[in-house]
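Engineer: Dropping a structure here in structure tokens format, bear with me for questions.
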Amino acid sequence: MEAAGFDYELPPAAIAQQPVSPRDCSRLLAAGDPPRHLRTRDLPELVGPGDLLVLNDTRVLPARLHLAKDTGGAVEVLTLEPTGEGPWWEAMVRPSRRVPEGSRLVEGDGTAVVEVGPATGAGTRLVRPLVDSMEQLLDAHGAVPLPPYVHEGLDDPERYQTVYARRASSVAAPTAGLHLTEDTMARCRAAGAEIATVDLSVGMGTFRPVETDQVEDHAMHTERYRVPLDTWQRCRRAERVVAVGTTVVRALESVGATGERCGRTELFIRPGFRFDVVDALVTNFHLPRSTLLVMLEAFMGPGWRELYRIALAEGYRFLSFGDAMFVERQREDEATHADPGRGG
């Protein structure tokens with residue numbers, strides 16, 4: 001498939017710079033004939049008995065450190081995840097070329113807090129904390145890393161966390177969940193739906209566009225995931241599994257594809273993929289030429305293009321702080337592609 005087929009014109013004015021308040025007054029475009037213009041607080045109207053809403057309860061790390069070389073040059077370190085080899089973490093360092101291996105980066109008071117190690121070959125560096133642990137360093141000095149297309153700061157960093165966020169392990173939020181409130185979830189339960197959780201650590205690869213000419217040639221990033229046994233068993237019993245976000249789709253379908261409920265996944269869901277678990281999806285409006293759009297076409301077919309056209313014409317807000325859509329999976333006999341779509 002040509003990657004250019006997943007491009008579309010996204011005006012800068014359509015990119016949301018701030019979340020709406022309250023969370024559940026964001027707009028929700030429900031696919032159908034015709035599509036319905038709702039609010040995310042109306043989600044209980046779209047679910048009922050037999051439905052299982054699955055949420056990604058990961059929490060965003062305060063992963064961004066604003067540091068300096070001992071010569072005074074500013075350096076930004078975006079920590080991604082521990083390597084599993086002692087205190088070393090993988091990180092994005094900017095400007096990487098001006099930071100030699102062995103450099104000690106300092107805080108504002110001159111205290112050295114991070115040593116920069118070698119390059120990984122994947123556009124990242126190894127770094128290690130020089131004081132306490134990396135988690136303690138981030139808690140004390142880190143900032144929540146907003147997406148690169150968000151140019152305004154947040155008065156309340158918790159607005160880039162879901163209300164049900166738990167273990168800090170991600171560098172980006174599972175943004176479909178940002179719309180949900182305790183009240184909306186309670187009313188979904190009152191409508192007869194159940195709620196379960198998974199944990200997938202969202203990485204910066206989420207924002208990486210498909211830069212190859214052919215979609216199949218794109219190298220998919222890997223992410224850590226964990227699906228509790230109770231969640232998996234409830235998915236198998238449910239009449240309809242409703243994923244709140246593409247990260248939930250990736251976690252659940254990784255279990256369906258491999259049988260492994262935890263580990264790392266490089267699953268690249270593209271047209272022709274045979275879905276084993278998820279039946280409906282709540283998701284935000286995604287970047288042009290992104291792997292998330294490729295997943296969306298695999299899930300619902302090419303009709304996403306008309307929904308995006310409607311959303312842009314009707315003034316919906318796009319990307320992480322934007323509005324959402326509710327779509328159901330196309331039946332196999334409606335699929336238009338035969339590529340199995342597995343692997344990376």
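Engineer: What's the center-to-center distance, using Cα atoms, between the range 89-117 and the range 189-208 in Å?
Structural biologist: 33 Å
Engineer: With unit charges on the beta carbon (Lys/Arg positive, Asp/Glu negative), name the residue among Thr111, Leu307, Gln17 whose Cα is farthest towards the positive pole of the charge dipole of the chain.
Structural biologist: So the residue we want is Thr111.
Engineer: Rounded to the nearest percent, how much of the accessible area of the chain (1.4 Å probe, protein heavy atoms only) is carbon and sulfur?
Structural biologist: On the way: 7230 of 15190 Å².
Carbon-and-sulfur percentage of accessible area, whole number: 48.
Engineer: Taking the C-alpha atoms of the chain, how large are the radius of gyration and the largest Cα-Cα span, Dmax, in Å?
Structural biologist: 20.4, 64
Engineer: Any idea how far the Cα center of the range 163-178 sits from the one of the range 222-272, in Å?
Structural biologist: 16 Å
Engineer: Using the Karplus curve 6.51 cos²θ - 1.76 cosθ + 1.60 with θ = phi - 60°, what ³J(HN,Hα) values do you get for each residue of the range 101-112, in whole Hz, with x for Gly and Pro?
Structural biologist: With coefficients 6.51, -1.76 and 1.60, one gets 4, x, 4, 10, 9, 10, 7, x, 8, x, 6, 6 Hz.
Engineer: If we sort 164-176, 264-276 on the protection proxy, mean other Cβ atoms within 10 Å, highest first, what's the order?
Structural biologist: So the order, starting with the most tightly packed, is 164-176, 264-276.
Engineer: Taking a label point 7 Å from the Cα of Ala313 along the Cα→Cβ vector, which residues of the range 21-55 have an amide N closer than 14 Å to it?
Structural biologist: Those under the cut-off are 34-37.
Engineer: Separate question: With +1 on each Lys and Arg Cβ and -1 on each Asp and Glu Cβ, and nothing else charged, work out how big the dipole of the chain is about its Cα centre, in Debye to the nearest 20.
Structural biologist: 260 debye
Engineer: Let me ask something additional. At what distance in nm do the modelled label points of Arg264 and Arg234 sit from each other, each positioned 7 Å from its Cα along Cα→Cβ?
Structural biologist: So the label points at Arg264 and Arg234 sit 3.0 nm apart.
Engineer: While we're on this one: Hey, got the Cα dimensions of the range 22-156 along the principal axes, in Å, largest first?
Structural biologist: Each principal axis gives a Cα extent; for the range 22-156 these are 61, 32, 27 Å.
Engineer: Turning to a different aspect of this structure: Calculate, for Gln18 and Ala219, the FRET efficiency according to 1/(1 + (r/R0)^6) with r their C-beta to C-beta distance and R0 30 Å; round to the nearest 0.05.
Structural biologist: 0.35
Engineer: Which three lengths, in whole Å and largest first, does the range 53-129 cover when its Cα atoms are put on their principal axes?
Structural biologist: For the range 53-129, the Cα extents along the three principal axes come out at 52, 28, 22 Å.
Engineer: Which one of Ala219, Cys262, Ser320 has its Cα pushed farthest toward the positive end of the charge dipole of the chain, where Lys and Arg give +1 and Asp and Glu give -1 at the Cβ?
Structural biologist: Positive-most Cα among the choices belongs to Cys262.
Engineer: Which net charge results for the neighbourhood of Leu130, defined as the other residues with beta-carbon distances under 13 angstrom from its beta-carbon, given Lys and Arg at +1 and Asp and Glu at -1?
Structural biologist: Every neighbour counted, the sum reads -2.
Engineer: Rank Val242, Ile195, Val210 by how far each Cα sits towards the positive end of the charge dipole of the range 148-246 (+1 on Lys, Arg Cβ; -1 on Asp, Glu Cβ) and give me just the farthest.
Structural biologist: Most positive-ward Cα: Ile195.
Engineer: Another one. Computed on alpha carbon atoms, what radius of gyration and Dmax characterise the range 153-240, expressed in Å?
Structural biologist: 16.4, 47
Engineer: How big is the antiparallel share of DSSP beta bridges in the chain, given as a percent to the nearest 5?
Structural biologist: Numbers: 40 of 58 bridges.
Just about 70 percent of them are antiparallel.
Engineer: At a threshold of 8 angstrom on Cα-Cα distance, excluding pairs fewer than six apart, so keeping six or more, what relative contact order does the range 225-301 reach in percent?
Structural biologist: Numbers: 89 pairs, mean separation 28.8, N = 77.
Once normalised by length, the contact order is 37 percent.
Engineer: Can you give the direction-averaged projected area of the convex hull of the alpha-carbon atoms in the range 95-199, in nm²?
Structural biologist: Working: hull surface 38.2 nm².
In nm², the orientation-averaged hull projection of the range 95-199 is 9.6.
Engineer: Go from 0 up to the bin containing the longest alpha carbon distance in the range 191-336, width 10 Å each, and give me the % of pairs per bin.
Structural biologist: Distribution as computed: 11, 41, 38, 10, 0 percent.
Engineer: Quick check: with the 1.4 Å probe, what order do Cys25, Cys262 take by accessible area, largest first?
Structural biologist: Solvent-accessible surface, decreasing: Cys262, Cys25.
Engineer: Another one. Kirkwood hydrodynamic radius for the range 217-257: how many Å is it when counted over pairs of different Cα atoms?
Structural biologist: Across the range 217-257, the inverse of the average 1/r is 11.4 Å.
Engineer: Ok, one more. Percent relative contact order of the chain, based on C-alpha pairs within less than 8 angstrom and at least six residues apart? Intermediate values should be presented prior to the final figure.
Structural biologist: Numbers: 731 pairs, mean separation 82.5, N = 344.
Relative contact order of the chain: 24 percent.
Engineer: Quick check on the range 187-305: of the DSSP beta bridges with both residues there, what percent are antiparallel, nearest 5%?
Structural biologist: Percentage antiparallel, nearest 5: 70.
Engineer: Just need the relative contact order of the range 105-241 here, percent rounded to a whole number, with Cα pairs under 8 Å and 6+ apart.
Structural biologist: About 14 percent, as a whole number.
Engineer: Given the peptides 55-63, 187-195, arrange them by the average over their residues of other C-beta atoms within 10 Å, most packed first.
Structural biologist: The packing order, highest mean first, is 55-63, 187-195.
Engineer: Explain nothing, just the number: dipole magnitude of the range 98-149 about its Cα centre with +1 on each Lys and Arg Cβ and -1 on each Asp and Glu Cβ, in debye rounded to the nearest 20.
Structural biologist: 280 debye
Engineer: While we're on this one: Can you check what the net charge comes to around Asp42, using other residues whose Cβ is under 14 Å from the Cβ of Asp42 (Lys, Arg +1; Asp, Glu -1)? List each step's numbers first, then the result.
Structural biologist: Numbers: positive: Arg23, Arg27, Arg36, Arg39, Arg41, Arg187; negative: Asp24, Glu45, Asp183, Asp323.
Residues near Asp42 contribute +2 overall.
The values are calculated or read from the model by the stated rules, or taken from the named source; none is laboratory data. Nothing here was measured: the structure is a model prediction, and the numbers come from that model. Here Cβ is always computed from backbone atoms with ideal geometry, including for glycine, and neighbour counts include all displayed protein chains. Surface accessibility is based on the protein's heavy atoms, side chains included, excluding ligands, DNA and RNA. Shrake-Rupley method; radii C 1.70, N 1.55, O 1.52, S 1.80 Å.
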